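See below for the structure under consideration.
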Amino acid sequence: MANSATNGSSCLQPMKATSNGGFQGDNPLDYALSLAILQICLVVLVTRGLAYLFKPLRQPRVIAEVVGGILLGPSALGRSKSYMQAVFPTRSLTVLDTLANIGLIFFLFLAGLELDLKSLRETGKQALGIAVAGICLPFVLGIGTSYVLLETIAKGVDRMAFLVFMGVALSITAFPVLARILAELKLLTNHVGRLAMSAAAVNDVAAWILLALAIALSGKSQSALVPVWVFLCGFAFVICSIIIVPPVFRWMARQCPEGEPVEETYICATLAIVLAAGFVTDAIGIHAMFGAFVVGVLVPKDGPFTDALVEKVEDLVSGLFLPLYFVSSGLKTNITTIQGLPSWGLLVLVVVTACLGKIVGTVAVSRFCKVPWNESLVLGFLMNSKGLVELIVLNIGKDRKVLNDQTFAIMVLMALFTTFITTPIVIALYKPARKAKKDDYRYRTIEGKNPNSQLRVLSCFYSARSIPSMINLIESSRGTQKRDALCVYTMHLKEFSERSSSILMVRKARKNGLPFWNKSHHADSDHVIVAFEAYQQISQVSVRPMIAISSMANIHEDICATAEKKRVAVIILPFHKHQRLDGSLETTRSDHKWVNKRVLDNAPCSVGIFIDRGLGGACHISASNVSYCVTVLFFGGGDDQEALAYGLRIAEHPGVRLVVVRFISEPNSEGEIVRVDVDHSGTKAFLEDEEFLNELKNKANDGSVNYTQKIVKNSEETIAAIREFNHCNLFLVGARPNSEVALTLQRSECPELGPISGLLTSRDFHTTASVLVMQQYRNGQPNYSNSEMEPQFSPDGSEST
């Protein structure tokens, strides 16, 4: 009785949920809710901060979350006992683990949604062979390594369970992590990416089966029949799920028609089914996450219902609950247990074994299937990536006393290292863009293009806010009534994230790697696609909606590659500022500015930056109601010629009136404008301008174009002359005017715009007109956005440095 009383008094008392507040003498950290909130906030702060630091290295977020969990655990901050007792006391870990496992259940449901069984059935012999080799050889080597660990640091554990756990841990390929690495590197839709994803999908299914076997073998029961019963019940659960789950979700999908929001009832029913499946598998003795993953795999992937499920669940799960699992794992990871040369030698042995098994097995089968050497090596390193699934296996082994502290720490570091090296090695070994030869096509500019030929335009946008003005610009650009005179590719630019919705969207791209919407799947369409398809039906313009999902650091590669592939003459980009209610321009996102600069520097054709001030209003204007006044400010040079060529194309629309203003510097203006040395290029540029203007003057004579000249001698007169036309609807200007009078204007804060458009977007110049800034393709010559100094010109227009 005394012993019982002693044991009862030493047991940790459960924490109460809420406190009465600090003013009544309660410490909030002594209560479960307040402490859980603090833990979640700390975890999110640390993991997001590390993800920001690792972003330049293009590492998946799982790296930051694993490192964050280790830093918050006994390996770093946890070495302080006061910190551990205050933030992660032992009696709070039950609540923390419960929340972490709830997040894990729903995340693996999302991971199951990413795994398409149809693609698994279509897996070719190559991918199947790579998957088998990537499982068998590491599994065998893992068992061999296990015997070394059993004789050194893992004495006294269940040998059979330890062998299986080590084999599974070394043979796993993290399917969700691999999908995010491939999407980040833009390899998801090419040959290597499809091979890796197909092999990883097979590997993932095999890993879950092996994990179920390992869990069954690691039970506490002494009976040999218990693991058999656990495994058989798990198999029966999968069979029943295959029979029951798909029809239920197909019925739900039919109740959710396209274009209408999914009812809350079906979302709640789905979440309840996921939790119920988790309860069943946990009761069987496998793990609750296994049931959630099976349900996710069996949910039909077609239709808006799946997308709605992902959008409802992913942010809360991935943002708040899932990082708790990494912290829960980090609290069990104590790197300080790896002491002495023998322990570090075992770490090296495990890392080498893991890499050797995956890479050698994958490369051998790939070469047997006649895959090139560099692609075989890339596949080997891709298949070697670990991640969340690896941690799940290790944590289950740790909880079931199969892995001790030192073995657990070694395996976590192995998973971290193999995943960390994947991205940099793949970037070094394989870059599809390097192999692509620059396509050669004739019309890379609007100038010089046959007016009777089709004009191809790639128009980009970030949000639906830009669509009305963009459609109105397209409508005014279609020129003559000739059908198919204009072909427009509209590209919706979306920033890639590691959300499941981004992965699903990227995987729906066409197999050619270009970000086209597949018109056969109407469920993929949203209001953006509907808007352009509706415009195409009522107009004579061929419109192809597209989408590009990439990081802002390299989304310009998608833009330029698509322009090259589709042989467009001009790319139209949105300005990085939008108009406020008071008429001023406000920065939307600063990284959009850098996207524009990179496109200007690397574009295979002419580029226009569209500064939208509501061209045509907030809705599409029909062709019969178009009534625009478009003004071209012509100072001279290639960019101004490109702007004028586009203006002449617009002038063919019956509802557009074109006004061309040519600015000429007064000869007797030595005191106003700084002169530089003269060379023969200025005379050549002047003659080119005159030749180009001859066609314009002919059109001005027949009344279709209003042409006028302004002689100015300083910046004040230039600004005053421009103000006379600020009541138009659209300004067309060149980015690099070949005129000294233009360069006397104040330098813009956005040098990619040039001096004229910089004036038109400044706060001192009040206008409601939109602006389209044109940069003409110069066939490899340096662009204006790269130059730190604006060029200076002599009085006759010659350029000097």
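Checking the stretch 34-43 against the condition returns a match, with at least one residue being under 22 Å from Glu390 (Cβ atoms), over 18 Å from the mean Cα position of the chain (by Cα) and not small (Gly, Ala, Ser). For the subset of the stretch 134-155 comprising residues that are at pLDDT 90 or above and small (Gly, Ala, Ser), which member is surrounded by the most Cβ atoms within 10 Å (Cβ to Cβ)? Here the answer is Ser146.
Output yes when any residue across the stretch 367-385 is surrounded by fewer than 17 Cβ atoms within 10 Å (Cβ to Cβ), touching a residue at least 60 places away in the same chain (Cβ under 8 Å) and under 30 Å from Lys125 (Cβ atoms), and no when none is. Yes - at least one qualifying residue is present in the stretch 367-385.
Name every residue in the stretch 76-122 that is of a type in the set (S, T, N, Q) and part of a helix (DSSP H, G or I), in order of residue number. Ser82, Gln85, Thr90, Ser92, Thr94, Thr98, Asn101, Ser119, listed by residue number.
Considering only the stretch 12-68, state which residues are assigned to a loop (DSSP other than H, G, I, E, B), surrounded by fewer than 16 Cβ atoms within 10 Å (Cβ to Cβ) and of a type in the set (Gly, Ala, Ser). The answer is Ala17, Gly21, Gly25.
The rows are residues; the columns are (1) in a helix (DSSP H, G or I); (2) surrounded by 18 or more Cβ atoms within 10 Å (Cβ to Cβ).
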position: Met252; (1), (2): yes, yes
position: Pro257; (1), (2): no, no
position: Pro261; (1), (2): no, no
position: Ile286; (1), (2): no, yes
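The number of residues in the stretch 263-284 being surrounded by 20 or more Cβ atoms within 10 Å (Cβ to Cβ) and over 30 Å from Val228 (Cβ atoms) comes to 1. In the stretch 215-236, is there at least one residue being open to solvent by 20 Å² or more (accessible area, probe 1.4 Å), touching a residue at least 24 places away in the same chain (Cβ under 8 Å) and closer than 19 Å to Gly296 by Cβ? Checked against the condition, which is being open to solvent by 20 Å² or more (accessible area, probe 1.4 Å), touching a residue at least 24 places away in the same chain (Cβ under 8 Å) and closer than 19 Å to Gly296 by Cβ, the stretch 215-236 yields no hits at all.
Can you pull out every residue in the stretch 185-208 that is assigned to a helix (DSSP H, G or I), touching a helix residue (DSSP H, G or I) at 6+ places or on another chain (Cβ under 7 Å) and within 17 Å of Glu375 (Cα to Cα)? Answer for the stretch 185-208, where residues must be assigned to a helix (DSSP H, G or I), touching a helix residue (DSSP H, G or I) at 6+ places or on another chain (Cβ under 7 Å) and within 17 Å of Glu375 (Cα to Cα): Val192, Gly193, Leu195, Ala196, Met197, Ser198, Ala199, Ala200.
Looking at (1) assigned to a helix (DSSP H, G or I); (2) surrounded by fewer than 20 Cβ atoms within 10 Å (Cβ to Cβ); (3) at pLDDT below 75, which is the only condition Arg465 fails? Answer for Arg465: the failing condition is (3). Condition check: within 30 Å of Val626 (Cα to Cα), open to solvent by 20 Å² or more (accessible area, probe 1.4 Å) and at pLDDT 85 or above. Does Gln641 satisfy that? The answer is no for Gln641.
Quick one: which residue in Ser119, Ser75, Ser82 is in contact with a Lys or Arg (Cβ under 9 Å, 6 or more places away or on another chain) and either surrounded by fewer than 19 Cβ atoms within 10 Å (Cβ to Cβ) or modelled with pLDDT of 90 or more (or both)?
Result of the check over Ser119, Ser75, Ser82: Ser119.
Checking each residue in the stretch 542-553 for being under 21 Å from Arg465 (Cα atoms) and more than 23 Å from the chain's Cα centre (by Cα) picks out only Val543.
Take Lys401 and decide whether it is out of contact with any Phe, Trp or Tyr (no Cβ under 8 Å at 6 or more places or on another chain), open to solvent by 20 Å² or more (accessible area, probe 1.4 Å), among the charged types (D, E, K, R) and free of Cβ contacts under 8 Å to residues at least 40 places away in the same chain.
So Lys401 does not fit the description; no.
Checking each residue in the stretch 554-583 for being assigned to a loop (DSSP other than H, G, I, E, B), in contact with a strand residue (DSSP E or B) (Cβ under 8 Å, 6 or more places away or on another chain), open to solvent by less than 40 Å² (accessible area, probe 1.4 Å) and more than 24 Å from Thr761 (Cα to Cα) picks out Val568, Ala569.
I want to confirm something. Restricting to the stretch 156-184 and keeping residues that are surrounded by fewer than 23 Cβ atoms within 10 Å (Cβ to Cβ) and assigned to a loop (DSSP other than H, G, I, E, B), which single residue is farthest from the chain's Cα centre (by Cα)? Ranking the candidates gives Gly156 first. Would you be able to say whether some residue in the stretch 294-303 is part of a helix (DSSP H, G or I) and either open to solvent by 70 Å² or more (accessible area, probe 1.4 Å) or closer than 30 Å to Val46 by Cβ (or both)? Yes.
When each of Asn783, Asn738, Asn729 is tested for being within 23 Å of Val570 (Cβ to Cβ), modelled with pLDDT under 80 and not small (Gly, Ala, Ser), the lone residue that passes is Asn783.
For the stretch 475-498, the tally of residues that are outside any strand (DSSP E or B), open to solvent by 10 Å² or more (accessible area, probe 1.4 Å) and at pLDDT 80 or above stands at 0. Being more than 28 Å from Phe231 (Cα to Cα), open to solvent by 20 Å² or more (accessible area, probe 1.4 Å) and within 22 Å of the chain's Cα centre (by Cα) is a property that holds for Leu316.
Going through (1) farther than 27 Å from Ala276 by Cβ; (2) touching a residue at least 40 places away in the same chain (Cβ under 8 Å); (3) open to solvent by less than 40 Å² (accessible area, probe 1.4 Å) one by one, Leu96 falls short only on (1).
The values are calculated or read from the model by the stated rules, or taken from the named source; none is laboratory data. These numbers were taken from a predicted model, which means no experiment stands behind them. FYI the Cβ positions are ideal-geometry reconstructions off the backbone, even for glycines, and counts take in every protein chain you see. Ligands, DNA and RNA are excluded from the accessible area calculation, which covers all protein heavy atoms including side chains. Shrake-Rupley method; radii C 1.70, N 1.55, O 1.52, S 1.80 Å.
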